[in-house]
Amino acid sequence: MVFPCPIKLYDSSMAEDILTTPAAFRRIWFHTTEVKSEIYSSGWNPEKIKRSIYGSAIYLARKKWDLDDLLGDLLGPVDRKTLVNRLRDPKMITCVLALRTDEVMSCFPSESSPNGNTEKHLLDYLNEYVSQDETAPRGAIRRIGPDNSLTSVQFGRTPVSGNHERNKKIARYFRTKGIRAIRFLEHGEEVLAIYDPSSIRVLPQNTNFEVPPFSDILAANEPVPVL
């Protein structure tokens, strides 16, 4: 893909695409950022992310993401007033998605977990299925096994920049499979990694949450079972 990818502001002609997005992805999502105005003017650029583990992607969550205060903004149905306030938040971008069933992934099967859905399962899946670059230095990432043995792996918990080859390799892997977005649990919270930002629709400040597709999304805002 070519980055930056221009943002797409939602308009009413996109309603059907939003409502046909798979249920687990058919939510109102938030991207927390220090460069909101830059994204609006220049577009999405996953390779400019400073710290990422699961690939060069745009990361969305169900709330304002703060690893130092994960309990500070409890999940649950978001009221309209809060949504309107978040549209104006200088560090949040409010989004919906336009995706098909064959473009998303929520289960990461590996030898140790056939129905994996957490950040650990995702890393196990990547280390099992993404081919090793035999020309690259080996052993930079070590994983300690239950018997205290050390195993060299490609992908670990140490964050690297969005333009690091490790992150770009993960993004290429999913895009080659036709996957534009994945969903997993990070510290128990739903997180999306969007490898194709053209699937994101940014909500403008004058969004009316009382009309479809937003009224339908909010009415069905009960937690979706993790696949």
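Readers should treat all values here as calculations from the given coordinates under stated rules, not as data from a laboratory. Every value quoted in this text rests on a predicted model; they were computed, and no experiment measured them. For neighbour counting, all protein chains shown are included, and Cβ atoms are generated from backbone atoms with ideal geometry for every residue, glycine included.
Could you compute the FRET efficiency for S131 and K64, with r as their C-beta to C-beta distance and R0 at 41 Å, rounded to 0.05?
Numbers: r = 37 Å, r/R0 = 0.90.
Once the sixth-power term is evaluated, E becomes 0.65.
Summing Lys, Arg as +1 and Asp, Glu as -1, what charge do residues with Cβ under 9 Å from the Cβ of V191 carry, V191 excluded?
For residues surrounding V191, the net value is -2.
Each label point is 7 Å from the Cα along the Cα-to-Cβ direction; what then is the distance between the points at L9 and E111, in nm?
5.2 nm
Checking the cross-link filter: which lysines have an alpha carbon closer than 27 Å to that of K50, excluding same-chain neighbours under 8 positions apart?
Straight-line reach from K50, under 27 Å: K8, K36, K63, K64, K91, K120, K168, K169, K177.
Any idea how far apart L19 and E38 come out in nm if each label point goes 7 Å out from Cα toward Cβ?
Between L19 and E38, the simple spin-label model gives 3.8 nm.
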